[in-house]
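Participant: Take a look at this one; I'll ask things after.
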Amino acid sequence: MCDEENFIIPGDQLENTKLTHNYSLRKVKRLRCSNESYYCCRNKTAVVSATTTVDPPVSAMPYPSPQLRCGQSSSYSPSVIDQFPWTVAVLEKKKRNTLHFRSTPNVIKVATRRETINQHIKTSILSNVSRIIKHEGYNSGALYDDISLIILETPVTNVNPICLPLPNQNFNGRRCIVAGWGGKTGRNNNLRKIDLPVVDSPRCQNLLRNTSLGPDFQVHPSFICAGGEDGKDSCQGDGGSPLMCKDGDRYVQAGIVSWGLTCGQQDVPSLYTNVAYLSDWIHQRLTTENVIISNYG
């Protein structure tokens with residue numbers, strides 16, 4: 001079920017769309033067999049990331065594989081990348097073992113299935129970036145609307161995507177997971193994970209007003225807060241990493257590591273891009289790019 005450019009056609013548009021390869025609709029349906037996710041044409045691909053400039057691994061958003069729904073992973077594997085296969089690294093082309101994020105697509109690549117930064121394994125695929133779409137409201141000082149979309153030149157087929165949250169979905173009080181290559185001393189070679197509590201905005205705001213941010217600090221709605229536990233936190237090198245919350249048997253991306261005052265200090269949460277708050281923007285911009293993500297919910 002492909003259009004004239006050989007991309008997947010949404011099911012509700014099939015009757016009004018010309019198919020490629022001279023396939024009749026009946027013949028294409030037979031190719032799907034009993035698997036409702038199997039198609040005979042290409043996908044478009046996107047990646048969601050933070051716009052911060054601190055070593056950002058990001059979370060991959062290709063089309064779901066035929067076997068898995070979004071947010072499903074191998075929870076029994078000791079490998080962090082198997083547990084969270086949508087976690088990818090943004091690498092400089094000239095220095096493949098260096099995590100970095102630039103504003104120009106021709107100097108970066110996205111690496112999937114990359115648990116160890118210094119080692120390129122057979123399951124890891126490097127993808128060129130064709131376009132970076134920054135949020136129009138992004139503020140480089142206060143980091144409001146700290147999100148970008150990375151459009152890849154070719155589809156990512158070796159990972160399963162994480163699920164996007166519903167608009168304004170609430171994760172307060174949940175313990176969620178961050179997976180990244182960061183640490184107190186900067187970048188680590190191996191992907192690691194940590195579980196943290198999501199802190200509601202009023203409590204987070206009150207806690208952060210007791211810090212150097214001062215009594216007038218306000219948590220912008222494009223942020224959610226997590227952490228504030230002694231010795232546990234995302235840290236340097238984790239910028240852009242996904243904050244993932246379990247929703248039934250699937251993971252939903254609640255946040256993206258954005259900024260914080262310190263690492264692992266009691267009652268000092270860090271701030272994460274609020275993906276649920278920005279989900280309408282994600283859908284609108286990807287629709288403009290003709291990227292279909294209806295299976296991410």
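Participant: Please state which one of 202, 221, 197 is at pLDDT 95 or above, closer than 29 Å to residue 248 by Cβ and exposed (fewer than 13 other Cβ atoms within 10 Å of the Cβ).
Facilitator: It is 202.
Participant: Kindly provide the set of residues from the stretch 120-138 that are in contact (Cβ under 8 Å) with a residue 24 or more places away in the chain and either more than 24 Å from residue 273 (Cα to Cα) or not in a loop (DSSP other than H, G, I, E, B) (or both), ordered by number.
Facilitator: 120, 123, 125, 126, 127, 128, 129, 130, 131, 132, 133, 134 - these are the residues of the stretch 120-138 that are in contact (Cβ under 8 Å) with a residue 24 or more places away in the chain and either more than 24 Å from residue 273 (Cα to Cα) or not in a loop (DSSP other than H, G, I, E, B) (or both).
Participant: Can you tell me which condition residue 160 does not meet? The list is (1) at pLDDT 95 or above; (2) touching a Pro at 6+ places or on another chain (Cβ under 7 Å), and all the others hold.
Facilitator: Tallying (1) at pLDDT 95 or above; (2) touching a Pro at 6+ places or on another chain (Cβ under 7 Å), residue 160 fails exactly one: (1).
Participant: Exactly one condition in (1) under 18 Å from the mean Cα position of the chain (by Cα); (2) crowded, with 24+ Cβ neighbours inside 10 Å is false for residue 227; which is it?
Facilitator: Every condition holds for residue 227 apart from (1).
Participant: Where in the stretch 194-297 are the strands (runs of 3 or more DSSP E), entirely inside, with at least 1 residues that are closer than 18 Å to residue 161 by Cα and aromatic (Phe, Trp, Tyr)?
Facilitator: Qualifying strands (runs of 3 or more DSSP E): 250-259.
Participant: Then there's this: Would you call residue 264 more than 13 Å from the chain's Cα centre (by Cα) and surrounded by fewer than 22 Cβ atoms within 10 Å (Cβ to Cβ)? Full working, then the answer.
Facilitator: Values: more than 13 Å from the chain's Cα centre (by Cα): yes; surrounded by fewer than 22 Cβ atoms within 10 Å (Cβ to Cβ): yes.
The answer is yes for residue 264.
The values are calculated or read from the model by the stated rules, or taken from the named source; none is laboratory data. Source: prediction; values computed, not measured. Virtual Cβ from ideal backbone geometry, glycine too; neighbours counted across all protein chains shown.
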